[in-house]
Every structure is written in structure tokens, then in C-alpha cells.
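Presented below is the structure to which this report refers.
Coordinate-derived values only; no laboratory data. Model, not experiment: these values are computed from the prediction. Cβ atoms come from the backbone with ideal geometry, glycine included; neighbour counts cover every protein chain shown.
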Amino acid sequence: MNRQRLKERLISDEGCELKPYPDKYNNWTVGVGRLMSRGISQEEAFFLLAGDIELCEAQLRDNFVWFENLDDVRQEVLLNMCFQLGIGGLKKFRKFLKALEERRFAVAKEEMLDSKWAKKDSPGRANELSDAMLVGRWL
């Protein structure tokens, strides 16, 4: 069997949609005829996660020149927030970002916790991330 030829044939027959769509049988599908109801493997999930982390990191580097100057843990906190909130959501944390730029980590922690994100959406996550932001290590 020629797997490359088969792959090309399936792409030609099925098309390649990069966003979910209902197929002609109203089954949600993505990629090359992949039924969403089938789910994905852990390997596929981790592959997608790696790409999402790379995207977040590029967005942070493009939007905040000072990102490079943060230690690894504080970069990871920002990456975690960007992953959850998206770059647009993260950019709404203006006072937090200003405090980070000025390396005022206690103020950054306060600003993280003074948000709907911390109070209602993700309090456990926000507490853990804000503690790491304050001290520069995972507790």
C-alpha cells in the first residue's frame, strides 16, 4: 500500500477544513474528514498543546518586549494566563502588565487577584499563579 498516495487521495476526496464544520450528515468534522465525536488521542492532544504553547509564547514576545527579561517561572505564569484567556483577554489586565513591566511583583499579584478571573472564573488557578508570580518559583 502506498500511504502517501492514499493520503493525497483522501485529502482530494474529503477536503481539508481547519475549523470544525457539520458534514453533509450533520456530523461535526475537522481536518480531513475527522469526526469530532471520535475525539483525539493523548499524543494528538499533546501535539496540539505544544503548538498552542508556541503560539502563546510568540504572542507574548510580540506584545511585551520585557517578556524576555522575566525569569522562567514568571514567563510560565504569563504563558498559562495567555493559554487560558487568549492574548486579547490577557491584554485587558493593564495594571497587572504594567506592574510586571516595572518588575513590581507584589503589585502584579494583587492585580491578578483583583479580577473576575481570580474571584469567579478560576480562583484556584489564579491563587497558584499569583503566588508563583510573587516569589518567582512554584510553591
Item to check | Residue exposure sequence - Lys98, Lys116 - by fewest surrounding Cβ within 10 Å | outcome: Lys116, Lys98
Item to check | Cα→Cβ-extended label distance, 7 Å offset, between Ser12 and Glu110, nm | outcome: 6.6 nm
Checklist entry - In nm, what is the difference between 0.36 nm times the number of residues separating Arg103 and Leu55 and their Cα-Cα distance? => result 14.9 nm
Checklist outcome for this item: Candidates Gly31, Gly124, Gly89; GNM for the chain (alpha-carbon contacts under 10 Å) flags as most fluctuating Gly31
Next on the checklist: Students often get this wrong, so check it: of Lys19/Lys91; Lys24/Lys120; Lys24/Lys92; Lys19/Lys109, which have C-alpha atoms separated by over 31 Å?
Outcome noted: Lys24/Lys120; Lys24/Lys92; Lys19/Lys109
Checklist outcome for this item: If one builds a Gaussian network model of the chain from Cα atoms under 10 Å apart, the most fluctuating residue listed among Asn80, Asn27, Asn69 is Asn27
Checklist entry - How high is the relative contact order of the stretch 49-135, in percent, counting Cα pairs under 8 Å that sit 6 or more residues apart? => result 25 percent
Checklist entry - Along the principal axes of its C-alpha atoms, what lengths does the stretch 32-139 span, in descending order and rounded to whole Å? => result 49, 30, 26
Checklist entry - Over the stretch 1-99, what is the mean sequence separation of C-alpha contacts under 8 Å (at least six apart), divided by residue count, expressed as relative contact order in percent? => result 15 percent
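Counting each DSSP H run of 4 or more residues in the chain as -39500 (n - 2.57), what helix-only mean residue ellipticity at 222 nm follows after dividing by all residues, to the nearest 500 deg cm²/dmol? Please report the intermediate quantities before stating the final value.
Details: 6 runs with 84 residues, N = 139.
Roughly -19500 deg cm²/dmol at 222 nm, from the helical runs in the chain.
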Next on the checklist: Looking only at Cβ-Cβ distances, which cysteines of the chain have no other cysteine closer than 4.7 Å?
Outcome noted: Cys16
Item to check | Cα centroid separation - the stretch 28-65 against the stretch 66-139, whole Å | outcome: 22 Å
Checklist entry - Which of Asp23, Asp121, Asp52 moves most in a GNM of the chain, Cα contacts under 10 Å? => result Asp23
